[in-house]
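Working notes for the structure below.
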Amino acid sequence: MTTTVSRPGAKRAAIAARTLRTDRWWLAPLITFAGLSAWVLYATVRVFMHKWYYVPDFHYLTPFYSPCLTDRCVEGSAEFGTPLPSFWLIPEAAFTLPFLLLFRLTCYYYRKAYYRAFWLSPPACAVPDAHAKYTGETRFPLVFQNLHRYAFYAATIISVINTWDAIRSFGTGFGLGNVILTANVVMLWAYTLSCHSCRHIAGGRLKHFSKHPVRYRFWTFVSKLNARHMLLAWVTLGTLALTDFYVMALAAGWWPDLRFIS
Amino acid sequence: MSRHFRVWRGDSSGGEIRDYDVDVNDGEVVLDIIHRIQATQAPDLACRWNCKAGKCGSCSMEINGKPRLGCMTRMSTFEESETVTITPLRAFPVIRDLVTDVSFNYTKARETPAFSPPEGLAPGEYRMQQIDVERSQEFRKCIECFLCQNTCHVVRDHEENKEAFSGPRSFIRAAELDMHPLDARSDRKEYAQAHQGLGYCNITKCCSEVCPEHIKITDNAIIPLKERVVDRRYDPLVWLGRKIFRRDQLAEAPQVGAGPDAHLDVGEMLSTQSGGPSPFGDDQTFPLTEITYQHPAPGSPSRDS
Ligand code: SF4
Ligand code: SF4
Ligand code: FES
Ligand code: FES
């Protein structure tokens, strides 16, 4: 039996240095900070640009404007009608972007990334937290991180819409744009399916795998993807920005699409 | 070859980092150096260790600021000219030199509700399938080195959270039992949320980073537990149901034997015997007469061939 004599007043070792780590522990949070900031900046500028998001000749629609829902949508880009007015503050994809934002903001990986890199809580392991008080995710507003499950459902639906965009673009032949759009959608699905909530729903919540062989296999599959969740989170940021940039370049006429079959 | 080391010396009344120049041989680990310092320069240097094989979890210390096992940190991972600084675990009260008082972790362990077998099943009758226990087995690898507990910023940087927060080691225990195919308790997730401080964890994964057993603490225990809490607590459909039928299932759920201070009874004190139930049944006396172990003679075919 363990004896746990408590020693009231016992103090921690008096070590003056805040951290004794000698490696470059600040590098990872710095890269995360720079990468996420740059991406958010690019995405914000693009979303409020309200132009160069659609290439009518080949049906390329950037994921940042999908589905296009405002009266401003150029001919052929709106697949689901245009219920929204043209006000500059309203993004073309006003019904999907908030959910995508919520999905990524409450993602378990991004949470780790920005808690470390932006909030410095903690910046790295065994490096002190930059805050005097800490309550974690126990109360408002961070308790809302628990909404991730619902953001996941929304993101699945949005992935279907993005898939539709990619399929539609094959209607007029086959070019580099198709490859980029399709690769982006494949990575988006990989990221969405590797979600921790998805892993839980797939089978993680079960107590007896032996009674649910199909869900067990699905869970095993998602678990394998899930181990790469951080990688997929970054890869999709990359493919999203690349897809959008490529569509912007074509729409603005900076260069023509490389066509394999037209 | 002589190399430079700095070791924290002192006790709870204060201390300082002292310098030592020590010979290092090929293939040695940090614990060897501590032992050499004890043998040659500072016989009173206090250090806890047992197995020197990374299996007992005693030699936890901080090496160049990183929480690690002294016996598993090879000297070859440092540059020859590098100064190696060795300090005690920071999150726990120090007893002397490198020895800290880790009783916080034992207190939290005792507050975690023990395994509760289904009713009507006696010890010895437990049957489980391998794929059902697999997930829990990962957590059984824990050697209780408490490196995770020490690194977790929730208590490392905020002493005041120690009361509310049980730490990653307790979370893997809670997850292990919640995923256990024969555990009959269904309120472990609520317990983890309400009494172990699951919500304090912000999944920054430092526990997983330092675990010498490479247990995926955050991915396989904490996040699944958080998701299980979401199932019960934050599901809007469940919430709506509760509003409509005016039933708060959570409030009605029994508080798993917790007293008014939210602490559980200590099982060992209420039980007629110390330790957990015997796999042979509690009515056995030792040595066992009915179970015989037959040791195969050398060269005879093995039992399962
Ligand atoms: S993941 Fe959670 S439990 Fe683990 S170290 Fe971070 S805050 Fe602590
Ligand atoms: S979970 Fe890992 S780090 Fe934590 S006590 Fe167990 S073995 Fe040590
Ligand atoms: S999307 Fe990252 S955990 Fe769900
Ligand atoms: S001495 Fe046993 S783990 Fe290091």
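Hey, if you drop one equal point scatterer on each alpha-carbon of chain A and run the Debye formula without solvent, what base-10 log of I(q)/I(0) do you get at q = 0.13, 0.15, 0.16 Å⁻¹? The calculated log intensity ratios at q = 0.13, 0.15, 0.16 Å⁻¹ are -0.97, -1.17, -1.26. Taken over region B:2-100, the alpha-carbon convex hull comes to 92 cubic angstrom per residue. Taking a ≥ b ≥ c as the square roots of the eigenvalues of the Cα gyration tensor, region A:15-65 is classed as prolate, since a/c reaches at least 1.5 and a/b is larger than b/c.
Step through the table entries B:K52/B:K205; A:K112/B:K162; A:K11/B:K162; B:K108/B:K141; B:K162/B:K205; A:K11/B:K52, compare each Cα-Cα distance with 25 Å, and write down the pairs that go over it. In this structure, B:K52/B:K205; A:K11/B:K52 lie more than 25 Å apart at Cα. Probing with 1.4 Å while keeping every protein chain in the model, the per residue accessible area of chain A equals 50 Å². Between B and A, buried accessible area from a 1.4 angstrom probe totals roughly 5300 Å², ignoring ligands, DNA and RNA.
Panel note: contact residues of region B:48-68 (accessible area lowered by at least 40 Å² against the chain on its own; 1.4 Å probe) correspond to B:N64, B:G65, B:K66. Applied to region B:15-26, the Karplus parametrisation 6.51 cos²θ - 1.76 cosθ + 1.60 on θ = phi - 60° returns per-residue 3J(HN,Hα) values of x, 7, 8, 10, 9, 9, 9, 10, 6, 10, 9, 4 Hz, with x for Gly and Pro.
Residues of region A:139-168 losing 40 Å² or more of accessible area relative to the isolated chain, 1.4 Å probe, heavy atoms only? For region A:139-168, once contacts with the other chains are taken into account, A:N146, A:R149, A:Y150 lose 40 Å² or more. Model label sites at A:H208 and A:A252, defined 7 Å from Cα along the beta-carbon direction, differ in position by 6.1 nm. Residues in region B:58-67 carry Karplus couplings, in order, of 8, 8, 5, 7, 10, 10, 6, x, 9, x Hz; the curve used is 6.51 cos²θ - 1.76 cosθ + 1.60 with θ = phi - 60°, and Gly or Pro positions show x. Under 5 Å between amide hydrogens, built in the peptide plane, is the criterion, and for B:I95 it picks out B:T100, B:D101 among residues at least 5 positions away or on other chains.
Distance from the alpha carbon centroid of region A:106-179 to that of region B:198-216 works out to 19 angstrom. To put it simply, the accessible area of the protein assembly as shown at a 1.4 Å probe is 60 percent carbon and sulfur. Couplings 3J(HN,Hα) for region B:221-233, derived from phi with the Karplus relation 6.51 cos²θ - 1.76 cosθ + 1.60 (θ = phi - 60°), are 10, 6, 5, x, 5, 4, 5, 5, 5, 4, 3, 8, 9 Hz, where x marks Gly and Pro. Distance between the pseudo-spin-label points of B:S186 and A:I261 (7 Å out from Cα toward the beta carbon): 5.6 nm. Dividing the summed -39500 (n - 2.57) terms of all DSSP H runs of n ≥ 4 by the residue count of the protein assembly as shown sets its mean residue ellipticity at 222 nm at -11500 deg cm²/dmol. Ignoring aspartates and glutamates fewer than eight residues from A:K133 along the same chain, the ones with Cα atoms less than 12 angstrom from its Cα are B:D157, B:E159, B:E160. For region A:3-150, what does the alpha-carbon gyration tensor say about shape, rounded, prolate or oblate, given a ≥ b ≥ c as the root eigenvalues, a/c under 1.5 as rounded, and a/b over b/c as prolate? Prolate shape, in that a/c is at least 1.5 and a/b is the bigger ratio. Sort out for me the Cα centre separation of region B:51-129 from region B:143-189, rounded to whole Å. Their Cα centres are 13 Å away from one another. Scattering from the protein assembly as shown was approximated by placing one identical point on each alpha carbon and applying the Debye formula without solvent; log10 I(q)/I(0) at 0.08, 0.10, 0.12 1/Å stands at -0.70, -0.99, -1.23.
Rounded, prolate or oblate, given the Cα gyration tensor of region B:151-194, with a/c below 1.5 counting as rounded? Prolate. Distance between the 7 Å Cα→Cβ label points at A:F140 and A:V186: 4.6 nm.
The values are calculated or read from the model by the stated rules, or taken from the named source; none is laboratory data. Computed from a predicted model, the values in this text were never measured in an experiment. Cβ: placed from backbone, ideal geometry, glycine included. Neighbour counts: every protein chain shown. When the accessible area is computed, the model is the full protein with side chains, heavy atoms only, and any ligands, DNA or RNA have been set aside. Shrake-Rupley method; radii C 1.70, N 1.55, O 1.52, S 1.80 Å.
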